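Asker: Here it is, the structure, as structure tokens.
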Amino acid sequence: MIRGYFSTTGGRNRPYVDGVFQFPGGVTDRSLEVRLLVDTGADRTLISPRDAGQMVRRLGIDLAALPRGAPGAGVGGQADTRTIEAVLTLGNFSVRLTLPILEPPPGPLPPIPSLLGRDIISHFALFMEERTNRVLLLEPHEADPLNIPS
Amino acid sequence: MEDVQAELQRFKRDTAYYEAHYEELLEQYSEQWVAIYNQQVVGASPDFDQLLDDLEARGVPPGKGLIEYLTRKEEIWILST
């Protein structure tokens, strides 16, 4: 079971899980610690512009040298993406993925966090209850015995 | 290289610190980016790039710790990808 939590940002309570992205292939230890917003509307897990800024400025990853990905489409429009091979660790769960990165726009960075999308959420049964501050990602062997009606 | 499980556990302690001290952090660093590493505030700035420069100058390991923007302004996020 992976435990997340609700956190208040910008006056709103939102569900998060903590994770670590590792970027294999570098000559140095390149990993990024992130709080991921649990977003069941997101098709893919992705790195937000602010976390991309950390990758560029502090991990020395050249976004321009990375392959272009499919554009990210949101309510506010489209954004260009790059992709990088990564390993995401959440609790005892690790998965290799091709990770889209939203390219930072010019000017001030939006405070939007990176997203945990359905490509990862779909490995689990997701339970969220704001009243009790519970965000749980249950593996199949944990969810099946609950016999939740289909 | 820090073991990834040890790294994740340390990061969880940093996010727990942020949650436990959210109100006082908001009071002190409103409308700023704040960085927390090893359960301590290690930098704060209204400018994200300036904060990253400060973290490098202070020897905070790259990619480690929590960076959050603290604001009293209510925001509605409608996201999808």
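Derivation of every value follows stated rules applied to the coordinates shown; laboratory data play no part. From a predicted model like this one, the values you see are computed outputs, not experimental measurements. For neighbour counting, all protein chains shown are included, and Cβ atoms are generated from backbone atoms with ideal geometry for every residue, glycine included.
Asker: For the charge dipole of chain B, defined by +1 on Lys and Arg C-beta atoms and -1 on Asp and Glu C-beta atoms about the Cα centroid, which residue among B:11, B:37, B:50 has the Cα displaced farthest towards the positive pole?
Answerer: So the residue furthest toward the plus end is B:11.
Asker: Between residue B:19 and residue B:76, how high is the FRET efficiency from 1/(1 + (r/R0)^6) when r is the Cβ-Cβ distance and R₀ = 30 Å? Nearest 0.05.
Answerer: In this case the efficiency is close to 0.90.
Asker: Taking the protein assembly as shown, how much of its Cα-Cα pair set, in percent, is spaced more than 24 angstrom apart?
Answerer: Roughly 42 percent, rounded to a whole number.
Asker: Starting with the fewest neighbours, write out B:64, B:12 ranked by other beta-carbon atoms found within 10 Å of each beta-carbon.
Answerer: Taking fewest neighbouring Cβ atoms as first place, the list is B:12, B:64.
Asker: Quick check: net charge around residue A:95, other residues with Cβ under 14 Å of its Cβ, Lys/Arg +1 and Asp/Glu -1?
Answerer: Neighbourhood net charge equals 0.
Asker: Using a 10 Å cut-off around each Cβ of peptide A:42-50, what is the average number of partner chain Cβ atoms that fall inside?
Answerer: 2
Asker: Taking neighbour Cβ counts within 10 Å as the exposure measure, how do B:58, A:131 sort from fewest upward?
Answerer: A:131, B:58
Asker: Within 10 Å of each Cβ in A:138-149, how many Cβ atoms from other chains are there, averaged over the peptide?
Answerer: Mean shielding by partner chains, rounded to a whole number: 0.
Asker: If I model a spin label as a point 7 Å beyond the Cα along the Cα-Cβ vector, how far apart are those points for residue A:146 and residue A:80 in nm?
Answerer: 4.2 nm
Asker: A further question on this structure: Please report how far the C-alpha centroid of region A:98-119 lies from that of region B:2-67, rounded to the nearest whole angstrom.
Answerer: Cα centroid of region A:98-119 versus Cα centroid of region B:2-67: 19 Å apart.
Asker: Okay, moving on. Within 10 Å of each Cβ in A:52-58, how many Cβ atoms from other chains are there, averaged over the peptide?
Answerer: 5
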